[in-house]
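Since every read-out is calculated from the coordinates, none of them should be taken as a lab result. Computed from a predicted structure; not experimentally measured. Here the Cβ positions follow ideal geometry from the backbone for every residue, glycine too, while neighbour counts run over all protein chains shown.
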Amino acid sequence: MPFSLADHLRQLAYFEGQNSAVLERMIHSAVSHSASAGETLFLEGEQAAGLWMIQTGRVKIYKLNPQGQEHILRIFGDYDTFNDISAFDGGANPANAAALSDTQLWVFPTHVFQECIQRDGIFALRVVQVLSGRVRGLIRQIENLTLYSVTVRVARLLLNQVDDPALTGTGVTRAALAAHLATTPQTISTALREIELTGAIEFDRHQIRILREDLLRSIAML
C-alpha cells in the first residue's frame, strides 16, 4: 500500500481528532527529506526548521559532553515526531539529531505549527498534553540514570523494547543503546549475563528472548 501522509498524520498524537483544516495546512506545508545511515539531520544551537516526522527508519537525538562522548537522549522510529519544543517556540535546536539507518522523513515548518496553535484552541490543548507526556518521559529517564544500577536500566530497556519498536531494528546497535543508557557495550553485555542467570531472559549475540517477564520486572524494580 502506498504511503499516505494524510492517513499517518491522523494517527499521530498531535492530530488525533483534529479538524481537516489543521491537517490540510500541515500536509501542504510538509517537506520530504531523505537521510543515509550516519547522516546528521541538524545540530544543537542551529535555528530549528520545524517538527520532524519519521516515515521509515531510526533517528537518535543526542548530546556531546566536553570530551566528545555521546549520550543518546531518545531513539525514534517509524511515525514518531521529534524536535517538538523548537518547532513550537521557534527557538534553536536543543540537541543534535542523526539517522541511525537509511531514513525517510517529513519536516513541518515552525511557522505553520505556530499559526495552527494560535488559530485552533483544540489543537493547542493537544500540543500541551503531548508535550507534558514527553516531559514526564524525560523525568523518568533522569531517574533511571541517577537512581538505578546499569542492570536495572538494562532490564527496563528490555521491557520498553516490547512496547516501543523504535528501540529495535536497523541501526539500533548495542553501542547506540549503551550511549542511551550512559554506559558501555561491555557493561551492557555483563548486565545481560547477570539477568540471564536469573532465568528471566535468554540471549546470544543476535537475539534476546524474555522467558519470565515477572522476573524481569522484579529486576527492573517495577
Next item on the list: Using the Cα centre as the reference, give the magnitude of the dipole from point charges on the C-beta atoms of the range 71-222 (Lys, Arg: +1; Asp, Glu: -1; all else neutral), rounded to the nearest 20 debye.
Entry: 320
Checklist line | Two-decimal Rg to Rh for the range 65-140 - Kirkwood Rh, Cα set | finding: 0.99
Margin query: Please give the Cα centre distance for the range 30-88 versus the range 140-177, rounded to the nearest Å.
Written below: 18
Note to self: Using only the alpha-carbon atoms, how far is helix 185-197 inclined from the longest principal axis of the chain? Give it as 0 to 90 degrees, nearest 10.
What the structure shows: 60
Next item on the list: Find the eigenvalues of the gyration tensor of the Cα atoms of the range 84-215, then list the square roots of 5 times those eigenvalues as equivalent ellipsoid semi-axes, largest first, in whole angstrom.
Entry: 35, 17, 14
Next item on the list: Note the full-extension length gain between residue 92 and residue 118 as 0.36 nm times their separation in residues minus their Cα-Cα distance, in nm to one decimal.
Entry: 7.3 nm
Notebook entry, point to check: Quick one: if you stick a label point 7 Å off each Cα along the C-beta vector at residue 6 and residue 132, how many nm between them?
Noted result: 3.2
Notebook entry, point to check: Say each of residue 202 and residue 55 gets a label point 7 Å from the Cα, pointing the same way as Cα to Cβ; how far apart are those two points in nm?
Noted result: 4.0
Notebook entry, point to check: Taking other Cβ within 10 Å of each residue's Cβ, how do 218, 29, 20 sort, fewest first?
Noted result: 20, 218, 29
Next item on the list: Using only alpha carbons, build the gyration tensor for the range 148-219 and give me the equivalent ellipsoid semi-axes, biggest first, whole Å.
Entry: 17, 14, 12
Next item on the list: Mind sorting 142, 208, 72 by how few other Cβ atoms lie within 10 Å of their own Cβ, fewest first?
Entry: 142, 208, 72
Next item on the list: Return one number: the angle in degrees, 0 to 90 and rounded to the nearest 10, between the long axis of the Cα atoms of helix 121-147 and the longest principal axis of the Cα atoms of the chain.
Entry: 20
Checklist line | Approximate spin-label separation residue 63-residue 149, in nm, with each point projected 7 Å along Cα-to-Cβ | finding: 2.7
Notebook entry, point to check: the chain: longest stretch without exposed GluC sites (Glu not before Pro) (DSSP loop, at most 15 other Cβ within 10 Å), sites themselves excluded?
Noted result: 47-222
Note to self: Could you compute the net charge surrounding residue 199? Neighbours are other residues with a C-beta less than 13 Å from the C-beta of residue 199; K and R count +1, D and E count -1.
What the structure shows: -2
Notebook entry, point to check: If you look at just the Cα atoms of the range 5-134, how large are its Rg and its Dmax in Å?
Noted result: 14.5, 48
Check: In Å, what is the Rg of the alpha-carbon atoms in the chain, and how long is Dmax?
Finding: 18.7, 57
Checklist line | Principal-axis tilt of helix 20-29 within the chain, Cα atoms, nearest 10 degrees | finding: 80
